[in-house]
1. How many residues, within region 210-256, are in contact with a Phe, Trp or Tyr (Cβ under 6 Å, 6 or more places away or on another chain) and within 16 Å of ligand 1 (Cβ to nearest atom)?
2. How many residues does region 74-95 contain that are more than 16 Å from ligand 1 (Cβ to nearest atom) and among the aromatic types (Phe, Trp, Tyr)?
3. So which strands (runs of 3 or more DSSP E) stay within region 84-180 end to end and still have 1 or more residues that are within 16 Å of ligand 2 (Cβ to nearest atom) and either closer than 30 Å to Pro253 by Cα or hydroxyl-bearing (Ser, Thr, Tyr) (or both)?
4. Does Gly83 meet the test of being of a type in the set (Gly, Ala, Ser) and on the phi > 0 side of the Ramachandran plot?
5. Residue by residue through region 189-234, note down the ones that are farther than 27 Å from Ala75 by Cβ and either without any contact (Cβ under 8 Å) to a residue 24 or more places away in the chain or away from ligand 2 (no atom under 15 Å from the Cβ) (or both).
6. Would you check which residues across region 224-263 are polar (S, T, N, Q) and part of a helix (DSSP H, G or I) and list them?
7. Do you know which residues across region 283-335 are surrounded by fewer than 24 Cβ atoms within 10 Å (Cβ to Cβ) and free of Cβ contacts under 8 Å to residues at least 40 places away in the same chain?
8. So Ser154 passes all but one of these: (1) out of contact with any His (no Cβ under 8 Å at 6 or more places or on another chain); (2) crowded, with 18+ Cβ neighbours inside 10 Å; (3) of a type in the set (Ser, Thr, Tyr). Which condition number does it fail?
Amino acid sequence: MKLSELISPAMRHTGMGAVMNGASFVTRLLPFPQPTLMVGPGSSARLGESIAGMGYQKILIVTDAIIVKLGLTKALTQALEAGGVAYVVFDRITPDAPIPLIEEGLAFFKEHDCDAIVAFGGGSAMDAAKVIAVAANNPKPLRALAGYFKGRNSPVPIYAVPTTAGTGSEVTVAAVVSDPERHKKLVVMDLRVVPRMAALDPELMTGLPPAITAATGIDALTHAVEAYLGKWATAYTDSMALSAVGMIFENLPVAYADGRNLAAREKMALASTYAGLAFTRANVGYVHAIAHQFGGLYHTPHGLANAIMLPHVLDYSAPVATARLAQLALRAGLGREDESEDDLADRFIAGVRELNRRLGIPTTLDALREEDIPALAQAACEEALLGYPVPRYMDQATCEAIIRKVLPRAGAGDADAAPRKRKTAPRKAATKAAAKTAAKTASTAKKAAPRARKPRTVA
Ligand SMILES: NC(=O)c1ccc[n+]([C@@H]2O[C@H](COP(=O)([O-])OP(=O)(O)OC[C@H]3O[C@@H](n4cnc5c(N)ncnc54)[C@H](O)[C@@H]3O)[C@@H](O)[C@H]2O)c1
Ligand SMILES: [Fe+2]
């Protein structure tokens, strides 16, 4: 029997909420480290100059072959050379770095007698680097490092240069890798995996293809939104999350349409870091719980999985998160302060759907198969129930139904974009974009049954 099955439905709604609220006191007390940030064009070279002055014997740069081929590591390595510090490059990381690859990286680290690591790339390279850093000082099987604070000794010093604007891994306590044998993602959580310094260099991101820009950008949005809606949110995480949401709605479409726009790239890099600062403290929710299962089983890119699920999970959370969704709508520029919270909450969810559409995000997941849904839902429910302070827990059947909405044959996705039942008539939209999305939402709403605002008891 799975651990989550031992927790009754009633406990899910009252007990887990209380447990998670209690846990928030603990998370508030934890001394989350924060890296020194260098921001702007050329900051990866400046980071190299700083590291070169720190007295390391040999630096390991962990990255992937595409990044090296694009010459993105050059500014950093030139600065290391100019500063007279030796380095070696491990460039074999692949998306969602599988355990055997981490073991290779670890062997490389030891073979070259390295004493510090630069995590250079998207989340996959950064997280692989973090796990190598933990494993280098904690000789035990890699799987045994998954979970909270499993390494007794501190990792070797980590520095980070993100090349996607999405994961926020440059500031988070998490490292996600994959276990190909069990088709699962593993998360190593430790305050000490937060890098000491990070460079947010928009010049490294100008060649990021539009589809990756879109998916990773929505990953950052999901971090901000889940952190903002969750029970561990604090004034600090709220301010980070709200800033990130505003910056993403404004800049992601620009960076998607014109990848060379340095200002938009820099804002996205900052937004991703702000979202990382929010969720590393306030955690994530069901979007991630489900996306991790898609990643483990189908290797769906993490951001894409999040983007497909985000509107559906928001629909589910909306009845208990109206006020917070309304705040998100205001920050995203999707409505006016004099509108009702219900209208604004609807606008935010419709705005997310519209943003996905503009970014070419599909509404369904091609790889998803009906027969996999029960196990995917069970694993997602367990992940959320035991780890995430979500505004509203769901049971297995509800989770299955939500996942089923993105089945390719359903072809629906957005057909479910029904706004919650309104008390008041919809008001005039504040902006053209909001008016468009609201109109679209209203037309689909006619076809679908309106949801009741009161939280449903999902037994
Ligand atoms: N540690 C955390 O806090 C955290 C948070 C969210 C996600 N993650 C994990 O991060 C991973 C996903 O990371 P990601 O979304 O950044 O993708 P990724 O690192 O897997 O990179 C995706 C692709 O983009 C390419 N790429 C990266 N930067 C590029 C650039 N500047 N130009 C051209 N191509 C570039 C990579 O070579 C790769 O092929 C997942 O495993 C996810 O679970 C970790
Ligand atoms: Fe994520």
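The values are calculated or read from the model by the stated rules, or taken from the named source; none is laboratory data. Everything quoted here is computed from the prediction, not taken from an experiment. Backbone-built Cβ (ideal geometry, glycine too); neighbour counts: all protein chains shown.
1. Of the residues in that region, 8 qualify.
2. 1
3. 116-121, 158-162, 174-179
4. Here the answer is no, as Gly83 does not meet what is asked.
5. Matches in region 189-234: Asp190, Leu191, Arg192, Lys231, Trp232, Ala233, Thr234.
6. If the condition is that a residue be polar (S, T, N, Q) and part of a helix (DSSP H, G or I), then Thr237, Ser239, Ser243, Asn251 are the ones that fit.
7. Ala323, Ala326, Leu330
8. (2)
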